[in-house]
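Notes to accompany the following structure.
The values are calculated or read from the model by the stated rules, or taken from the named source; none is laboratory data. Only a predicted model underlies this, so the values are computations on that prediction, with no experimental measurement involved. Positions of Cβ are generated from backbone atoms using ideal geometry, with glycine treated the same way; all protein chains shown enter the neighbour counts. Calculation scope for accessible area: heavy atoms of the full protein, side chains included, ligands and nucleic acids excluded. Shrake-Rupley method; radii C 1.70, N 1.55, O 1.52, S 1.80 Å.
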Amino acid sequence: MDHVNLGHSGLRVSRACLGTMNFGTEHGLAASDEAEAGRIIDAFAEAGGNFIDTADLYHRGETEEIVGRALKGRREWMVLATKGAMPVGTEGRGLSRRHLTRALDASLRRLGTDYIDLYQCHQWDPSTPIEETMATLDGFVKAGKVRYLGCSNFTATQIVEAQWAAARVGGTPLVSLQPQYSLVQRVIEAEILSACERHGLGVVAYGTLGGGVLAGRYRRGQAPDAGSRMGRLLGHSMPGANRWAESLLTERNLEIAEAVSQVAAELGTTPSKVALAWVAGRAGVTSVLLGPRTVEQLRENLEAFDLDLPEAARARLDEISRADLGPMDGSFFHLVPRR
Ligand SMILES: NC(=O)c1ccc[n+]([C@@H]2O[C@H](COP(=O)([O-])OP(=O)(O)OC[C@H]3O[C@@H](n4cnc5c(N)ncnc54)[C@H](OP(=O)(O)O)[C@@H]3O)[C@@H](O)[C@H]2O)c1
């Protein structure tokens, strides 16, 4: 598997990043148990992947514990990324010095390691001065607890604010953004991708199969099967579960998924591989997060990196998934960045 530098840094990461949000059972949305998670991590490593992403939020810390146990004895070869800011159990939230310090120490404990390769702010915190956040994160780097810094779900403005604040406090800049990006979610094309390029952030795309919608397993007019993620979410008591599923199972998304399935059939491949190859081939994407629930899904998804999407197929998918991003979408000739 190809490895590339993450943003303006010397950190080498695989083009595929293993997402672990499915590992665990804690909030009742049972996905991959610990044995399956272990098989997935083994298969990822065998394929040459070295980049693994988790968060304190996932299954209220259970996911980090599973990842920590699976990496025992082989921690060194893995670029381990986690995130803080979200509420976990009864602890606080946000990007304050108080919360982040506690969150990082808890992540280190659960992961069974004394350092994180890439520590990411899970989301922006409007109630903490960004200088406080960037100085705190820099302290983590100086203390040897963290090697590199990243963020997730930041807007273009927030990326610029964070980088300028890091410079103001003499701190360590961010080297990555983890945004949602797929054929059903292309908002980052408006401003965020160019902010990343200008400010030295690599892009690690998540939700690249639209939560499974682009894998072709949901059809218009048919209820999702109970074992699928959407089937598990609909009617689940977790706050926001229904809204999450409904936001993905829209008419527009299912229409895009249908086009992906048609392209896959014509190419003699699978919808997942087509959807992932589309993201992997987009300018500005450093690494593509895979969110497998089973080792079979992982193996299939890894094959996407060998799929060369023909230009005509790519153009068709671009067209059907094109979103109205307003005047900043780069479609005016004077806004297209020169490369
Ligand atoms: N920073 C953030 O805010 C944020 C948010 C979300 C995720 N993430 C990260 O991104 C990773 C991936 O996110 P995601 O889980 O939403 O990604 P995703 O790849 O869009 O969706 C994953 C789901 O797609 C289905 N799937 C995957 N491979 C498949 C295949 N080959 N065939 C059929 N179905 C397949 C599975 O659904 P079934 O379970 O139905 O089989 C799986 O649970 C997470 O693990 C996490 O690390 C970050």
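Residue farthest toward the positive end of the dipole of segment 1-97, with Cβ of Lys/Arg at +1 and Asp/Glu at -1: which of 19, 73, 96?
Result: 96.
For segment 93-169, give the magnitude of the charge dipole about the Cα centre (Cβ charges: +1 Lys/Arg, -1 Asp/Glu; no others), in debye to the nearest 20. Intermediate results must be reported in sequence, preceding the final value.
Values: 10 positive and 8 negative charges, 56 e Å.
That gives segment 93-169 a dipole magnitude of about 260 debye.
Considering the dipole of the chain built from charges on the beta carbon (Lys and Arg +1, Asp and Glu -1) around the Cα centre, which of 51, 265, 288 is farthest to its positive end?
About the Cα centre, the residue reaching furthest to the positive side is 51.
Which of the listed residues, 204, 184, 245, is farthest toward the dipole's positive end in segment 175-255, when Lys, Arg count +1 and Asp, Glu count -1 at the beta-carbon?
245
To two decimal places, what compactness ratio does the chain give when its Cα radius of gyration is scaled by 2.2 N^0.38 Å?
Scaled against compact globular proteins, the figure is 0.96.
Which number comes out as Rg/Rh for segment 1-51 once both Rg and the Kirkwood Rh are worked out on C-alpha atoms? Write out the running numbers ahead of the final one.
On the way: Rg = 13.5 Å, Rh = 12.3 Å.
Across segment 1-51, the Cα-based Rg/Rh ratio is 1.10.
Tell me, what is the percent relative contact order of the chain, built from C-alpha pairs under 8 Å that lie six or more residues apart?
17
Find the Rg to Rh ratio for segment 144-192, where Rh is the Kirkwood radius over alpha-carbon pairs and Rg uses the same atoms.
1.05
What per residue convex hull volume, in Å³, comes out for segment 68-195 when only alpha-carbon positions are used? It would help to have the intermediate numbers written out before the result.
On the way: hull volume 16.2 nm³, N = 128.
Expressed per residue, the convex hull around the Cα atoms of segment 68-195 is 127 Å³.
Please report Rg over Rh for segment 174-230, where both radii come from the alpha carbon positions and Rh follows the Kirkwood definition.
Result: Rg/Rh = 1.15.
Show log10 I(q)/I(0) for segment 182-339 at q = 0.18 Å⁻¹, two decimals, from a solvent-free Debye sum over equal Cα scatterers.
These q points yield log10 I(q)/I(0) values of -1.18.
Tell me the carbon and sulfur percent of the accessible area for segment 219-272, rounded to whole percent, probe radius 1.4 Å.
It is 51 percent, rounded to a whole number.
Loop-only trypsin sites (Lys or Arg not before Pro) in segment 208-249, please: DSSP not H, G, I, E or B, and at most 12 other Cβ atoms within 10 Å.
Of the trypsin sites (Lys or Arg not before Pro), the ones in loops of segment 208-249 whose Cβ has at most 12 other Cβ atoms within 10 Å are 219, 220.
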